[in-house]
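Report on the following structure.
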Amino acid sequence: MNVLVIGSGGREHSIVKKLTKSSQVTTIFAAPGNGGIELDATCVPIEDTEVDQLVTFAKQNRIDWTIVGPEVPLLAGVVNAFKSEGLNVFGPTKQAALIEGSKDFAKAIMKKYRIPTADYQTFTDVDEARKYIEQQGVPIVVKADGLAAGKGVVVATSLNEAIEAVESMLVDNQFGEAGNRVVIEEFLAGKEFSLMAFVEGEDVYPLMPARDHKRAFDGDLGPNTGGMGAFSPVPDLQQKDIDFAVEKILKPTAKGMIAEGRPFSGILYAGLIETEQGPKVIEFNARLGDPETQVVLPLLKNDLIQVIIDVTSGKDPELVWEDAYCIGTVVASKGYPAEYSKEIALPELPKSKDCFIIHAGTGRDQFGNFHSVGGRVLLVGSMDKKREVAQKNIYDYLKAFDRDDSFFYRTDIGLNKKK
Ligand code: AMP
Ligand code: GLY
């Protein structure tokens, strides 16, 4: 089979690496891919939102399956375009991807189908929003309705902070159209986890739960980022909480999407928080999480392409998991998530039997040397039956980055402290 992976981040490199292990996959293309993906696949210079070019490429190169990584092409209708040409593609249509594309839509679905989540209201008017915030008090959470690359959420601890967040979205248009509506919701306290599932209509097959580390610095301090590391499974989670999340959150959401005329096919991602009343939804995504994918896919024993074929044809893929822990620590450019320099040469990345390297923001020159092109540069991961061993492997490897203060990483990924 020829497979095309759309996207250019760590998640897509992880998908590509998993596909290299399939005996059914002969050729892998990535559009546009990144410096590290070039080692495992053929990268083609088509951006992930150039829908017509992607369709043409898939036809000309006899692509048997296309897997869409990021949310932006999903919401741009890449799946709709592939399906209308009769091409096999894994991911939701833009109508179903709205569960990620509009927080107001996602909240309305949760309300209608009684899926546990924070109380909320949606506003387009600043004065009404201000009144609501003053009524509710703090802490309170302000969210831009649309896609904001993970930056559209403010957990406000003062009334001023909450109102400023609303004003920056509704008045100053900080997020453009994505911030023309704001969702204001109740603050929930608890540990977070991510539960992703293969979904086809009503069928839901959960993956191993994972925990992302969203804050930039050790101890969950500093600004929110796209994710500084992750681990899977999550030792403090009880099986009853996972079952609850599958039965009371993922399955009713999949059913609700059918009832709304937007049947979901692809990966449904629930960002959850363990409250005293059980897990509640913080957000839904319509795709694999990044960096969760980088630690969950190595634990999956099945052939990924076979799983996709089975799920989309209504068959149980019978997922089988390694009995081990997988941890991944992100190396980021100094300054990320704010301003940072690019084109910094990476240290040598020796092959290791204990660690795997997943590239995110890297480029590769004609001599095969890597340099940084993004905020999150790469992830060093390790899998072992003992969490402590996986962790030691990673931090031994990461010493290579200590000589250069152009990069930083968190030193506490996988310790399973609070959050
Ligand atoms: P999101 O971009 O929706 O994943 O939100 C970013 C982060 O904001 C989450 O990982 C949570 O830590 C926090 N957050 C979002 N919604 C809430 C909420 N209702 N209560 C507490 N924290 C929240
Ligand atoms: N790791 C969070 C996300 O993928 O949205």
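Here's the yes/no breakdown for (1) in a loop (DSSP other than H, G, I, E, B); (2) in contact with a Cys (Cβ under 7 Å, 6 or more places away or on another chain); (3) over 20 Å from Thr312 (Cβ atoms):
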residue	(1), (2), (3)
Ile6	no, no, no
His13	no, no, yes
Lys18	no, no, no
Glu38	no, no, yes
Thr49	yes, no, yes
Gln53	no, no, yes
Phe57	no, no, yes
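So if I check each of Pro291, Pro298, which one is within 16 Å of ligand 2 (Cβ to nearest atom) and within 14 Å of Ser232 (Cβ to Cβ)?
Numbers: Pro298 fails: within 16 Å of ligand 2 (Cβ to nearest atom).
Residue meeting the stated conditions: Pro291.
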Ala245 fails exactly one of the following numbered conditions: (1) open to solvent by less than 40 Å² (accessible area, probe 1.4 Å); (2) away from ligand 1 (no atom under 16 Å from the Cβ); (3) part of a helix (DSSP H, G or I). What is the number of that condition? (2)
Any residue at all in segment 79-90 that is in contact with a Gly (Cβ under 8 Å, 6 or more places away or on another chain), within 16 Å of ligand 2 (Cβ to nearest atom) and of a type outside the set (Asp, Glu)? no
Residues (farther than 15 Å from Phe123 by Cβ and either part of a helix (DSSP H, G or I) or open to solvent by less than 80 Å² (accessible area, probe 1.4 Å) (or both)) located in segment 159-172: Leu159, Asn160, Glu161
Can you tell me how many residues within segment 57-78 are touching a Gly at 6+ places or on another chain (Cβ under 6 Å) and either without any contact (Cβ under 8 Å) to a residue 60 or more places away in the chain or open to solvent by 10 Å² or more (accessible area, probe 1.4 Å) (or both)? 3
Out of segment 320-348, which residues are assigned to a loop (DSSP other than H, G, I, E, B) and in contact with a strand residue (DSSP E or B) (Cβ under 6 Å, 6 or more places away or on another chain)? Ala324, Lys334, Pro337, Tyr340, Lys342, Glu343, Ile344, Leu346
Residues in segment 144-156 that are near ligand 1 (Cβ under 10 Å from one of its atoms) and either open to solvent by 10 Å² or more (accessible area, probe 1.4 Å) or acidic (Asp, Glu) (or both) total 7
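The values are calculated or read from the model by the stated rules, or taken from the named source; none is laboratory data. Just so you know, these numbers come straight off a predicted model, no measurement behind them. Every residue, glycine among them, receives a Cβ derived from its backbone with ideal geometry; neighbour counts consider all protein chains shown. Side chains are part of the model used for accessible areas, which takes the heavy atoms of the whole protein and leaves out ligands, DNA and RNA. Shrake-Rupley method; radii C 1.70, N 1.55, O 1.52, S 1.80 Å.
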